[in-house]
Amino acid sequence: MCQDFQEITVEQLCTVIDLLHPCMDDYLYVYDFINDFYYISPHAKRRFCIPDNSFRDVIRNHGLFVYPPDLEPLQEDLSALLAGERSFHNMEYRWLDLEGQPVWINCRGYVVRNKERTLYMVGCINEIGASQKADNISGLLGSTSLQNYLQKTPRPFPEGFILRLGLDDFKEINEKLGIEYGDMVLRQTAECISACISPGQKLYRVVADEFLILDFQGRTYKEAGKLYRAIQQSIQRFVEEHHYEAVFTISGGILESSNVSEYTFINLMKLSEFSLNEAKRQGKNRCYRFRISDYKEFLKRKKLTQFLRQAVYDDFKGFEAYFQPLYHADSNTLYGAESLMRFHSPEGCMVSPGEFVPILEETGLIIPVGRWMLDEALAACRKILNWIPDFRISINVSYVQVIKSDIINEIVSAATKQGVSPSNVIVELTESGLLESNPHFTRLLAKLKENGIRLALDDFGTGYSNFHYLHDLRPDIIKIDRSFTAKALANDYEYNLLDLISSMVHTLNLNVCVEGIETEDERNKIQNLSPDYIQGFYFGKPCPYQQFTESFVTAGRE
């Protein structure tokens, strides 16, 4: 058999590769050891960053497209083949694609020798990490087939739509009823969708529990919505017919082809995934129509997330501590300051806390940034105590910090480090975070009391206002939110309501702080309610430490 191979020339093998490559997805190759020459199926150039489909100086050129950590093991294997230690090459390693990303391949080859030397190796390369063209569970074509179809589709894409569908909370079905039941649900879902689509529409299972309907037949967004509702109803009938053993719904994202400007598979998948995710984010079991403005906002948020991660990595570069004065309401003397986090993006603009704080909480970055803020606030407090011995520093604490970090020990540790008594610290908790985590906050309260740290319940009156918190948590201070203050200043009923709340809080021996005072008239009207502390732009806006001390601490004292 080896004698037969020896009679085949490398040139003949290259011709065979050229003949066969249009018929296959894998890549045939021949490596001529004698002439240091390599030849691979021409379509490999469309996938990998090889110099060409034929080249010499084989080992050196492999360094251009083999993933660097895999190059040395490959060289060792080829050396063993050349030394005659074995005759078959079978190795899994990575090549770089056209974007420089590593792609797993399996390279197999048979080495042909004569009595004197090693002649060549002929074999096949296939992607072992590649997406399947079809899915045996759902019986549908997969994402690779969708990609191939789009490559043949005229540009720009014809009028129509892409409807991406995803089962809601499918993971729970696998966890509760098993993977086999989950596979049955996927098969039945595919059948429900298939029964609803029209001639000319194509259906694919693109990933896990997600499906994609492609319609380039000129149908409109309204028709896409009608199709989604039909699928939704079909899924509901399936759930009912199976006696609600597995209760699930389906969400959909509609992407009109007119909104696709970059005509690639990757871009279409990216935009359709965004559309589906928006439907799920808005409550699930609904359909979302892609809007460019929403997508731009999503990209902006994604970019800001990257900025925040980089800032944390770069020793909190871009973050800054600001301070807003808190005054005794009866004497208008400085009581303390609320420390507030600010962020300057690398693009030079200050980002609103309403934009970046939710991202910090969602990503968990609030924990390291919160520690940094603690040090900044307590360092400022230590300096101000030299002028005002009873000065209090108020620190906002996120419910994420309470649940996922040892926040009290962090506060005490930071206070000890800065030489500040915990009794000079006020922890502000936002009321809206309490509903889901009351046990956590109850334990937090006990630790606060143990260490002499005061608790302020922030944003009181913004829509939650469960008075049982006043009993359960026994906060030291209730902070009336600016929105509630504004209503009270503009409406007699709200004003009287605020007066009743203030009286009730005082009856419980708690203190009231009214936020959002912006004019002298507002101050005078609010002072009639006898608050303990008062805060707002009328007294001073949040500002950096140096400006704060010059304006509110050292002015008139030196």
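The values are calculated or read from the model by the stated rules, or taken from the named source; none is laboratory data. Quantities reported herein were computed from a predicted structural model and do not represent experimental measurements. Glycine also receives a Cβ, built like all others from the backbone with ideal geometry; neighbour counts cover every protein chain displayed. All accessible areas refer to the heavy atoms of the entire protein, side chains included, with ligands and DNA or RNA removed. Shrake-Rupley method; radii C 1.70, N 1.55, O 1.52, S 1.80 Å.
Things worth noting here:
- Stretch gain in nm, segment residue 267-residue 169, where the contour uses 0.36 nm per residue and the Cα spacing is subtracted: 32.7 nm
- Annotation: for a label point projected 7 angstrom from Cα along Cα→Cβ of residue 241, residues of segment 183-200 with backbone N closer than 15 Å are 184-197.
- Debye-sum result for segment 93-235 in log10 I(q)/I(0), which assumes one identical scatterer on each alpha carbon, at q = 0.11, 0.13, 0.17 Å⁻¹: -0.59, -0.74, -1.04
- Residue-averaged 222 nm ellipticity for the chain, from DSSP H runs of 4+ at -39500 (n - 2.57), nearest 500: -13000 deg cm²/dmol
- Translational diffusion of segment 92-140, µm² s⁻¹ [Kirkwood Rh, Cα pairs; Stokes-Einstein; 25 °C; 0.890 mPa s]: 180
- The residues of segment 194-313 have, on average, 54 Å² of accessible surface per residue, using a 1.4 Å probe with all protein chains present.
- Degrees separating the helix 179-196 axis from the principal Cα axis of the chain, which is the longest one: 80
- Structure-derived Cα extents along the principal axes in Å: which label, when the choices are [x] 69, 58, 56; [y] 76, 57, 44; [z] 105, 58, 43: [z]
- Summarising the label geometry, the points placed 7 Å from Cα in the beta-carbon direction at residue 486 and residue 291 lie 2.2 nm from one another.
- Computed about its Cα centre, the charge dipole of the chain is approximately 540 debye, with only Lys, Arg, Asp and Glu carrying charge at their Cβ.
- Straight-line reach from residue 115: taking Cα to Cα under 28 Å and skipping same-chain neighbours fewer than 8 places apart, no lysines fall in range.
- Taking the convex hull of Cα positions in segment 272-408, its mean projected area over all directions (nm²): 11.8
- Our coupling estimate for segment 520-532, obtained by passing each phi through the Karplus curve with A = 6.51, B = -1.76, C = 1.60 and θ = phi - 60°, is 5, 4, 5, 4, 4, 5, 5, 5, 5, 8, 6, x, 7 Hz, Gly and Pro reported as x.
- Listed values for segment 282-287 are Karplus-derived 3J(HN,Hα) couplings in whole Hz (6.51 cos²θ - 1.76 cosθ + 1.60, θ = phi - 60°), namely 7, x, 6, 6, 8, 10, and x replaces Gly and Pro.
- Pairwise centroid distance, computed over Cα atoms, of segment 509-558 with segment 383-406, Å: 18
- Taking amide hydrogens as placed 1.01 Å from N in the peptide plane, the amide H of residue 28 sits under 5 Å from those of 41, 125, each at least 5 positions away in sequence or on another chain.
- Sequence-distant residues sharing a close amide H with residue 287 (under 5 Å, placed H): 252
- Amide H within-cut-off set for residue 93, under 5 Å, with H built and near neighbours excluded: 105, 107
- Simple label model, 7 Å out from Cα along Cβ direction - residue 417 to residue 350, nm: 2.6
- Estimated vicinal HN-Hα couplings, Hz - segment 323-337 in sequence order (Karplus 6.51, -1.76, 1.60; Gly, Pro = x): 9, 10, x, 10, 10, 5, 5, 7, 10, 6, 9, 5, 9, x, 8
- Segment 207-274 and segment 149-190: distance between their alpha carbon centers, rounded to Å: 8
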